[in-house]
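Trainee: Got a structure for you, questions after.
The values are calculated or read from the model by the stated rules, or taken from the named source; none is laboratory data. As the structure is a prediction and not an experimental result, all values here were calculated from the model. Positions of Cβ are generated from backbone atoms using ideal geometry, with glycine treated the same way; all protein chains shown enter the neighbour counts.
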Amino acid sequence: MSRFDGKIVVITGGNSGIGLAAARESEAEGAQVVVAGRDATTLESAAKSLGKKALTVKADVTKTSDLDHLFAAVREKFGRIDVLFVNAGGAKVASVADTTEELFDEISDTNLRGAYFTAQKAIPLLSDEGAVIFTTSYFDEVGMAGTSVVSATKAAVRSLTRTLASELLPRKIRVNAISPGVITTPIFGRLGVPKEVAEEIGKSLQEKIPFKRFGGPEEVAKAVAFLASSDASYITGIELAVDGGLTHL
């Protein structure tokens, strides 16, 4: 018997990268997967790569009306959520001096506001003894120049993980966070800087990683599956680093 047989797994930002890898991993372990994403093209591609039973919903987590639509669809089709992976996020680099209000709002709306209200609106559908996993980042552990807004929002999500874990204890719902290091996902190419600058950032980071390589989305997905499963039945409130030792060695 697979770990997620009969389970309903909902993933935001599931149309590419870590989210899509987590959807595939969940399906492989028997789950019925619901994937949400705001880009119609990548969402369609994700749907084709998943099983026929997968439900895909176009939803922008920065819009509460879209979140209402997502969870209404889940309620109508399944009536509950066993695992919620709050994964949708964004990253752009800029110094504090160069960060505009528009950039601040864009990243904050996705990473913090989106994560907060995704979790809030899912609470009525969460099964007792279910699991919630947030995606944070190694940025919340380091002081890397140019990442002030991303780092601050991910640190806030780390704090939210603890608070929500405490609030959902009476229902035995475990709440944890996964903290990816440098992972080969599309987000790495959307940092808001020229391609050559992004490549230089990548080379510099690779030298700092003890494993001397980037991680794969599938490696993060397996850690997500662990936290979501009964194998982690005595774990709540933690942030699990999947970063090749970057923040610990």
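Trainee: Kindly indicate which of 91, 73, 122 is touching a strand residue (DSSP E or B) at 6+ places or on another chain (Cβ under 9 Å), farther than 28 Å from residue 234 by Cα, in contact (Cβ under 8 Å) with a residue 24 or more places away in the chain and part of a helix (DSSP H, G or I).
Mentor: Values: 91 fails: part of a helix (DSSP H, G or I); 122 fails: farther than 28 Å from residue 234 by Cα.
Testing whether each residue is touching a strand residue (DSSP E or B) at 6+ places or on another chain (Cβ under 9 Å), farther than 28 Å from residue 234 by Cα, in contact (Cβ under 8 Å) with a residue 24 or more places away in the chain and part of a helix (DSSP H, G or I) leaves just 73.
Trainee: Going through region 125-154 one residue at a time, which ones are under 29 Å from residue 80 (Cα atoms) and assigned to a helix (DSSP H, G or I)? Reasoning before the result, please.
Mentor: Start the filter on region 125-154 by keeping residues that are under 29 Å from residue 80 (Cα atoms), which leaves 125-137, 153-154.
Listed by number, the residues that qualify are 125, 153, 154.
Trainee: Within region 125-151, take every residue that is of a type in the set (Gly, Ala, Ser) and touching a residue at least 24 places away in the same chain (Cβ under 8 Å) and give me the one that is surrounded by the fewest Cβ atoms within 10 Å (Cβ to Cβ). First the steps, then the outcome.
Mentor: Initial filter on region 125-151 (of a type in the set (Gly, Ala, Ser)): 127, 130-131, 137, 143, 145-146, 148, 151.
If we keep only those that are touching a residue at least 24 places away in the same chain (Cβ under 8 Å) as well, we get 127, 130-131, 137, 145-146, 148.
Details: 127: 17, 130: 23, 131: 27, 137: 29, 145: 8, 146: 18, 148: 20.
Going through the qualifying residues, I end up with 145.
Trainee: Here's something else I'd like to know. Give the residue, chosen from 82, 66, that is more than 30 Å from residue 145 (Cβ to Cβ) and crowded, with 20+ Cβ neighbours inside 10 Å. Show your work before the answer.
Mentor: Working: 66 fails: crowded, with 20+ Cβ neighbours inside 10 Å.
The unique qualifying residue is 82.
Trainee: Hey, could you check region 45-70 for residues that are in a helix (DSSP H, G or I) and among the small types (Gly, Ala, Ser) and say which is nearest to residue 122 (Cα to Cα)? Give the derivation first.
Mentor: First, pick out the residues of region 45-70 that are in a helix (DSSP H, G or I): 45-49, 64-70.
Checking which are among the small types (Gly, Ala, Ser) leaves us with 45-47, 49, 65.
Values: 45: 25, 46: 22, 47: 22, 49: 26, 65: 13 Å.
Looking at the filtered set, the residue picked out is 65.
Trainee: All but one of (1) at pLDDT 90 or above; (2) farther than 23 Å from residue 25 by Cα; (3) loosely packed, with under 12 Cβ neighbours inside 10 Å hold for residue 247, so report the exception by its number.
Mentor: (3)
Trainee: Here's something else I'd like to know. Which residue out of 219, 207 is at pLDDT 95 or above, surrounded by fewer than 21 Cβ atoms within 10 Å (Cβ to Cβ) and over 24 Å from residue 114 (Cβ atoms)?
Mentor: One residue alone meets the criteria, 219.
Trainee: Here is a further query. For residue 141, state whether it is closer than 30 Å to residue 206 by Cβ and among the charged types (D, E, K, R). Spell out how you get there, then give the answer.
Mentor: On the way: closer than 30 Å to residue 206 by Cβ: yes; among the charged types (D, E, K, R): yes.
Yes.
Trainee: Among what's in region 94-119 and is aliphatic (A, V, I, L, M) and assigned to a helix (DSSP H, G or I), pick the residue that is surrounded by the most Cβ atoms within 10 Å (Cβ to Cβ).
Mentor: So in region 94-119, the residues aliphatic (A, V, I, L, M) come out as 94, 96-97, 103, 107, 112, 115, 119.
Filter once more, keeping what is assigned to a helix (DSSP H, G or I): 103, 107, 112, 115, 119.
Working: 103: 15, 107: 24, 112: 19, 115: 26, 119: 21.
This residue is 115.
Trainee: Going through region 1-42 one residue at a time, which ones are surrounded by 24 or more Cβ atoms within 10 Å (Cβ to Cβ), assigned to a helix (DSSP H, G or I) and of a type in the set (Ser, Thr, Tyr)?
Mentor: The answer is 26, and nothing else.
Trainee: Please give the number of the condition residue 159 fails out of (1) in contact (Cβ under 8 Å) with a residue 40 or more places away in the chain; (2) surrounded by fewer than 21 Cβ atoms within 10 Å (Cβ to Cβ); (3) assigned to a helix (DSSP H, G or I).
Mentor: Going through (1) in contact (Cβ under 8 Å) with a residue 40 or more places away in the chain; (2) surrounded by fewer than 21 Cβ atoms within 10 Å (Cβ to Cβ); (3) assigned to a helix (DSSP H, G or I) one by one, residue 159 breaks only (1).
Trainee: So, residue 56, is that one at pLDDT 95 or above, polar (S, T, N, Q) and surrounded by fewer than 17 Cβ atoms within 10 Å (Cβ to Cβ) or not?
Mentor: Working: at pLDDT 95 or above: yes; polar (S, T, N, Q): yes; surrounded by fewer than 17 Cβ atoms within 10 Å (Cβ to Cβ): no.
Judged against the criteria, residue 56 is not a match.
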